[in-house]
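One structure is given here, and the rest of the page talks about it.
The values are calculated or read from the model by the stated rules, or taken from the named source; none is laboratory data. This is a predicted model, so every value here is computed, not measured. We place every Cβ from the backbone using ideal geometry, glycine too, and count neighbours over all the protein chains shown.
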Amino acid sequence: MDAINLSKRLACVAKFIPKGARLADIGSDHAYLPAHLLLNQKIDFAIAGEVALGPLQNAQAEIKNAELTKQLEPRLGDGFAVIKPNDHIDTVVIAGMGGQLIQKILAEGHREHHQYEKLILQPNTDTAMVRTWLQNNQYALVDETMLFDDGHYYEVLVAQPGITSFTEQQITFGPFNLQHQTLTWKQRWQSELNRLNQLLITLFQAKQGNSIAYQEYQNQAQQIKEVLGNASEKTNSSD
């Protein structure tokens, strides 16, 4: 992967970035995403933020090699601290991290009570935690998708200022995912159901069928079964 040829995951993130955006890519990882967008003339200016010196130096090298030093600025700092008011950033990407870390970065950046026109978030785990943060901090989820890349399932969330009210099911599975019910989304949750069922078998064989963990896994598995069952009924009714 490089700035010319993005991974499937980053290419999915890229498609949600508005043309002409002024972008901050937090945790930029070699600055591949902003460099790609600039080379393809989709955006005019970007910041590649890194919290550690090593990744920052990787970004600096990529930017220099791509001859983008006037349009893409690598900056060392924690989260939103790399953004200055005169940057006029309107779009923020936080991708390739756990949902708990993304939530932490969002919470610390939100202390200034500044809202950005668009957040594009790609948590590797704990996506429900990110949806909850958006709901509690006046960001409306406007799109989401799920993809499979290099042996892993990923979700991409797109949010803008507004009010969102989710049900518990929507927090877990995603309101747009529930609506679209793509094959990738179904496969991801079937995989999770298989994992939970195996855990239940293991606990039962260990005579832990009355444990709290067993009950929790059983409840999670039942919730997934209901959602996948509804998805199947919807598919059959549309045939």
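Each row is one residue, and each column tells you yes or no for (1) assigned to a loop (DSSP other than H, G, I, E, B); (2) in contact (Cβ under 8 Å) with a residue 24 or more places away in the chain; (3) aromatic (Phe, Trp, Tyr).
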{"position": "176", "(1), (2), (3)": "no, yes, yes"}
{"position": "186", "(1), (2), (3)": "no, yes, no"}
{"position": "191", "(1), (2), (3)": "no, yes, no"}
{"position": "199", "(1), (2), (3)": "no, no, no"}
{"position": "210", "(1), (2), (3)": "yes, no, no"}
{"position": "221", "(1), (2), (3)": "no, yes, no"}
{"position": "224", "(1), (2), (3)": "no, yes, no"}
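Here the stretch 113-138 is the region considered, the condition is being in a helix (DSSP H, G or I) and of a type in the set (Ser, Thr, Tyr), and the residue that is surrounded by the most Cβ atoms within 10 Å (Cβ to Cβ) is 127.
A quick yes/no check of all residues on (1) in contact with an Asp or Glu (Cβ under 8 Å, 6 or more places away or on another chain); (2) more than 19 Å from residue 227 (Cβ to Cβ):
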{"site": "123", "(1), (2)": "yes, yes"}
{"site": "144", "(1), (2)": "yes, no"}
{"site": "158", "(1), (2)": "yes, yes"}
{"site": "161", "(1), (2)": "yes, yes"}
{"site": "202", "(1), (2)": "no, yes"}
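Scanning the stretch 1-58 for residues that are of a type in the set (Lys, Arg) and either surrounded by fewer than 20 Cβ atoms within 10 Å (Cβ to Cβ) or within 22 Å of residue 84 (Cβ to Cβ) (or both) gives 8, 15, 19, 22, 42. Consider the stretch 64-83 and keep the residues that are under 21 Å from residue 40 (Cβ atoms) and either of a type in the set (Lys, Arg) or under 24 Å from the mean Cα position of the chain (by Cα) (or both). The one that is surrounded by the most Cβ atoms within 10 Å (Cβ to Cβ) is 72.
If you go through the stretch 1-39 and keep only what is in contact (Cβ under 8 Å) with a residue 40 or more places away in the chain and of a type in the set (A, V, I, L, M, F, W, C), you end up with 3, 10, 12, 13, 16, 17, 21, 23, 24, 26, 31, 33.
Out of the residues in the stretch 1-45 meeting the condition of being over 19 Å from the mean Cα position of the chain (by Cα), of a type in the set (Gly, Ala, Ser) and at pLDDT 95 or above, tell me which one is nearest to residue 72 (Cα to Cα). Taking the candidates together, the pick is 35.
Of the residues in the stretch 140-159, not one is assigned to a strand (DSSP E or B), over 14 Å from the mean Cα position of the chain (by Cα) and closer than 15 Å to residue 99 by Cβ. One residue stands out among those in the stretch 84-112 that are among the aliphatic types (A, V, I, L, M) and closer than 15 Å to residue 34 by Cα: the one that is surrounded by the most Cβ atoms within 10 Å (Cβ to Cβ), which is 93. The strands (runs of 3 or more DSSP E) found entirely in the stretch 44-112 that carry 2 or more residues being without any contact (Cβ under 8 Å) to a residue 60 or more places away in the chain, assigned by TED's automatic domain parsing to the domain that holds residue 131 and of a type in the set (A, V, I, L, M, F, W, C) are 45-50, 72-76. In the set (1) part of a helix (DSSP H, G or I); (2) under 20 Å from residue 104 (Cβ atoms), residue 33 fails one condition alone, (2).
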